[in-house]
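**Q** Mind having a look at this structure? Questions to follow.
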Amino acid sequence: MEQGRAAGSCAGAQKLYPGLSPSDFAGLGGAFRKIANLLPFAHAVELERAVLRGAYAAIFPHLWWVAAYAAVVTAAAVFCFLRDRTGTA
């Protein structure tokens, strides 16, 4: 990917991701809410809210979502690194 195209795609992602947090769900619902709840951003915000409230029982459902996404992304990064380094997968 060319450097100019990469910068443009990153700028688009920066504008999209904040809109997927539950703090912006006031007037939205339906499919947008369902899609956002499949991503880790909504769960990270709810995790932070539970921590600040001291509601420790509400922390773990969101913590598992965030930890699972972190594990998947880390595994994908290691796979891509090893594939790039050795030339095979």
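For every residue, the table says whether it meets (1) surrounded by fewer than 10 Cβ atoms within 10 Å (Cβ to Cβ); (2) within 19 Å of Asn37 (Cβ to Cβ); (3) out of contact with any Leu (no Cβ under 8 Å at 6 or more places or on another chain).
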site	(1), (2), (3)
Leu52	yes, no, yes
Leu63	no, yes, no
Val66	no, yes, no
Val72	no, yes, yes
Leu82	no, no, yes
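**Q** Let me ask another. Taking Gly29, is it outside any helix (DSSP H, G or I), modelled with pLDDT under 90 and exposed (fewer than 12 other Cβ atoms within 10 Å of the Cβ)?
**A** yes
**Q** Considering each residue of segment 40-89, count those that are outside any helix (DSSP H, G or I) and either polar (S, T, N, Q) or within 18 Å of the chain's Cα centre (by Cα) (or both), and give that number.
**A** The number of residues fulfilling the criteria is 1.
The values are calculated or read from the model by the stated rules, or taken from the named source; none is laboratory data. The structure displayed is predicted, hence computed values, not measured ones. Please note: Cβ atoms are built from the backbone with ideal geometry, for glycine as well, and neighbour counts cover all protein chains shown.
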